[in-house]
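Have a look at the structure below before the remarks.
The values are calculated or read from the model by the stated rules, or taken from the named source; none is laboratory data. Note that the coordinates shown come from a computational prediction; the quantities given were computed from them, not determined experimentally. Cβ placement follows ideal geometry from the backbone for every residue including glycine, while neighbour counts extend to all protein chains displayed. Protein only, heavy atoms only, side chains kept; ligands, DNA and RNA dropped before computing areas. Shrake-Rupley method; radii C 1.70, N 1.55, O 1.52, S 1.80 Å.
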Amino acid sequence: MLELQNRLNEFKEMHDEFLCDWNYAMSSGDTSSVDRMSDDYYVSFFNDGSKKPIFFTRQEAIEGMEQSVRHFYGANKRFENRIIRLRDYENAVVFYEQLIVKDENVLARLFTIENWKFINEKWMVIRETEESIN
């Protein structure tokens with residue numbers, strides 16, 4: 001049990017850094033530090049009440065991430081109500097509300113679920129679900 005708790009602490013520390021890297025990307029335009037997606041990564045995105053998600057591959061997600069950072073350049077990402085759960089020693093799930101804020105104005109609000117896997121001694125996102133919330 002102690003070993004699993006240590007793994008959770010390690011994961012939390014890595015994820016804290018990942019969230020900090022997002023704000024660096026938002027202020028610098030450099031998204032390289034937040035590209036932690038596995039080769040078979042995909043994201044499903046629900047937008048404004050759509051019944052079916054839109055799916056994006058890893059490459060499409062990287063392009064979309066770069067476009068989003070350019071669009072919201074200078075804004076901050078806030079990650080609220082985060083919950084981290086380990087499925088086992090090599091798999092973690094993170095839930096949180098993501099807000100993009102600029103000059104005190106909330107520009108976007110998303111509910112996010114990230115699924116992470118420990119691959120080749122690194123934590124990588126294997127899939128993600130995003131839902132726009134208003």
For residue 102, which lysines qualify as cross-link partners when the Cα separation must be under 27 Å and same-chain residues fewer than eight apart are set aside?
12, 77
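Over segment 8-129, with every protein chain in place, what whole percent of the accessible area is carbon and sulfur at 1.4 Å, could you tell me?
Values: 3490 of 7230 Å².
On segment 8-129, the fraction of accessible area on carbon and sulfur atoms equals 48 percent.
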Across segment 114-121, in residue order, what do the Karplus-derived ³J(HN,Hα) couplings come to in whole Hz, using 6.51 cos²θ - 1.76 cosθ + 1.60 with θ = phi - 60° and x for Gly and Pro?
10, 10, 10, 9, 7, 10, 6, 6
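What does the charge count around residue 25 come to, taking other residues whose C-beta lies under 11 Å from its C-beta (Lys +1, Arg +1, Asp -1, Glu -1)? Display every interim value, and only then the final one.
Details: positive: 70, 77; negative: 21, 30, 35, 66.
Its environment carries a net charge of -2.
Take the chain, mark every one of the chymotrypsin sites (Phe, Trp or Tyr not before Pro) that falls in a DSSP loop and has at most 15 other Cβ within 10 Å, then report the longest stretch left between them, sites excluded. If you can, show how the numbers build up before the last one.
Working: sites that count: 73, 89.
With a cap of 15 other Cβ atoms within 10 Å, the longest stretch comes to 1-72.
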What spacing in nm lies between the two simple spin-label points modelled at residue 20 and residue 62, each 7 Å away from Cα in the Cβ direction?
2.5
For a quick check of your reading of the filter: which trypsin sites (Lys or Arg not before Pro) in segment 6-71 sit in a DSSP loop and have no more than 12 other Cβ atoms within 10 Å?
51
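Using helices alone, what [θ] at 222 nm do you get for the chain, with -39,500 (n - 2.57) per DSSP H run of 4 or more residues, divided over all residues and rounded to the nearest 500? Please report the intermediate quantities before stating the final value.
Values: 2 runs with 41 residues, N = 134.
Value at 222 nm, helices only: -10500 deg cm²/dmol.
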Using alpha carbon centers only, segment 3-37 is separated from segment 97-134 by a whole-angstrom value of 11
Starting from 0.36 nm per residue, how many nanometres of slack lie between residue 10 and residue 132 once their C-alpha separation is accounted for?
41.0 nm
For the chain, the dipole about the Cα centre with charges only on Cβ (Lys and Arg +1, Asp and Glu -1), to the nearest 20 debye, works out at 360
When the C-alpha atoms of segment 1-108 are aligned to their principal axes, what extent does each axis show, in angstrom, from largest down?
44, 32, 26
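Of the GluC sites (Glu not before Pro) in segment 85-116, which ones lie in a loop per DSSP and count no more than 14 other C-beta atoms within 10 Å? Please list the in-between numbers first.
Working: sites: 90, 97, 104, 114; in loops: 90, 104.
Answer in residue order: 90, 104.
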In Å², and per residue, what accessible area does the chain have when probed at 1.4 Å with the other protein chains present?
62
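How much length is gained if the chain between residue 122 and residue 28 is pulled fully straight, taking 0.36 nm per residue apart and subtracting their Cα-Cα distance, in nm to one decimal?
Length gained between residue 122 and residue 28: 31.4 nm.
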What the 10 Å binned alpha carbon P(r) of segment 1-49 shows, as percent of pairs per bin from 0, is 21, 31, 37, 11, 1
Which sequence of 4, 19 reflects their accessible areas, 1.4 Å probe, from the largest down?
4, 19
Treating only the Cβ of Lys, Arg, Asp and Glu as charged (+1, +1, -1, -1), what charge dipole size does segment 38-88 show about its Cα centre? Round to the nearest 20 debye.
300
Using θ = phi - 60° and the Karplus relation 6.51 cos²θ - 1.76 cosθ + 1.60, list the HN-Hα couplings for segment 5-19 in order, rounded to whole Hz, with x at every Gly or Pro.
5, 4, 5, 4, 4, 4, 5, 4, 4, 4, 5, 4, 5, 4, 5
Note down the net charge around residue 69, summing +1 for each Lys or Arg and -1 for each Asp or Glu among other residues with Cβ under 12 Å from its Cβ.
-3
Cβ-Cβ FRET estimate between residue 36 and residue 87, R0 fixed at 22 Å, reported to 0.05:
0.80
